[in-house]
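Beneath this line is the structure, given in structure tokens, with notes to follow.
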Amino acid sequence: QLEMDLHQAIYEHSGLVLHYQPQISYDGTIIGVEALVRWNHPTKGLLFPDAFIPLAEETGLIIPLGDWVILTACRQNMQWQKSGYPPVRISVNLSVKQFQNPHLLQNIQSILQKTDLPPHLLELEITETVAIRNAELTLSLLNSLRSIGVRLALDDFGVGYSSFMYLKSFPIDILKIDKSFIRDITLNQESQAIIQAILQVAKSLRFKVVAEGVETSEQLASLKKLDCPIMQGYLFSRPIPADKMDTFLKNEN
Ligand code: G
Ligand code: G
Ligand code: MN
Ligand code: NA
């Protein structure tokens, strides 16, 4: 039943929504926004991705769902640009199946064309799990995506396997430090040392870094002390609907 409901939501464009979470630079200005999908189910209420993304993956519905997410996010960003807000990157999460879809590059190109969004204002977030599944395919796909100007982020960095290898071989622009490290930054020396090491490597290799899951002002202070350039988390804002983004986009937060 849930599968039928999801099918209907996707193909009738009903009930799926994107929420947006700001990414804030060290000087307090917004530089990016992560799009996170939610599903307003007719009887179950608002569902979070954990309740339907795995099902979408199993059934293949993740492909049309993912295309809807990318299109909607690009459209929304274009609308923000047209309203005169300063340019921000919009980032979208990709799961394994989407990444393996042979039409991904083509779909993204046609979405960029349709929405007129400058490619460098679209960022794709992949995890190490996505990358690890098919290293060779991954490399050529990432290179193609990058050659059309799209930005690439490695999500949940630090919790997978052989993370640093990916930094060497993959054409990534942005590292997102997993929130487990930020959660512990004020609690133990180890997390702080790991974040510091990631920041140093990123600086030498010229990656941008985003610290995820910043919840407290103590965590923010520690990150600032380490010169972390970009922060994201509940301290600034939870993921919120597009019409609530105004204050952030005006940089009046
Ligand atoms: O807020 P949060 O509950 O949105 O997200 C939970 C998980 O779902 C995260 O791992 C996030 O990357 C993933 N997720 C959120 N939105 C999307 C989406 O549009 N596509 C995919 N594939 N994953 C998403
Ligand atoms: O896997 P990914 O990094 O895409 O997922 C982001 C997830 O983290 C989303 O579920 C989002 O709602 C959640 N998130 C964002 N900010 C915070 C935070 O400050 N604390 C916690 N615990 N989760 C957060
Ligand atoms: Mn993400
Ligand atoms: Na993440």
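None of the figures in this text is laboratory data; all of them are computed from the coordinates on show. Fair warning: this is a prediction, and the values are worked out from it, not measured in the lab. Here the Cβ is made from the backbone with ideal geometry for all residues, glycine too, and neighbour counts use every protein chain on show.
A few comments on the model shown:
- Test for ALA193: is it within 30 Å of LEU137 (Cα to Cα), assigned to a helix (DSSP H, G or I), free of Cβ contacts under 8 Å to residues at least 40 places away in the same chain and more than 16 Å from ligand 1 (Cβ to nearest atom): no
For (1) closer than 24 Å to GLN232 by Cα; (2) within 16 Å of ligand 4 (Cβ to nearest atom); (3) of a type in the set (A, V, I, L, M), each residue gets a yes or a no:
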position: LEU139; (1), (2), (3): no, no, yes
position: ARG151; (1), (2), (3): yes, yes, no
position: LEU175; (1), (2), (3): yes, yes, yes
position: PHE181; (1), (2), (3): yes, yes, no
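- Residue in region 121-131 that is more than 16 Å from ligand 3 (Cβ to nearest atom) and either farther than 19 Å from LYS176 by Cα or exposed (fewer than 15 other Cβ atoms within 10 Å of the Cβ) (or both) present: no
- Filtered by the rule that a residue be touching a strand residue (DSSP E or B) at 6+ places or on another chain (Cβ under 8 Å) and of a type in the set (A, V, I, L, M), region 208-233 gives VAL209, VAL210, ALA211, VAL214, LEU220, LEU223, ILE230, MET231.
- Number of residues in region 109-130 that are under 26 Å from LEU167 (Cβ atoms) and within 14 Å of ligand 1 (Cβ to nearest atom) equals 9.
- Subset of region 204-253 (residues that are in contact (Cβ under 8 Å) with a residue 60 or more places away in the chain, outside any loop (DSSP other than H, G, I, E, B) and not hydrophobic (A, V, I, L, M, F, W, C)): LYS224, PRO241
- No other residue among LEU139, LEU154, LEU145 is closer than 30 Å to PHE181 by Cα, within 15 Å of ligand 3 (Cβ to nearest atom) and not charged (D, E, K, R) apart from LEU154.
- Inspection of region 158-175 finds a residue satisfying the criterion of being small (Gly, Ala, Ser) and either surrounded by fewer than 14 Cβ atoms within 10 Å (Cβ to Cβ) or more than 24 Å from ILE126 (Cβ to Cβ) (or both).
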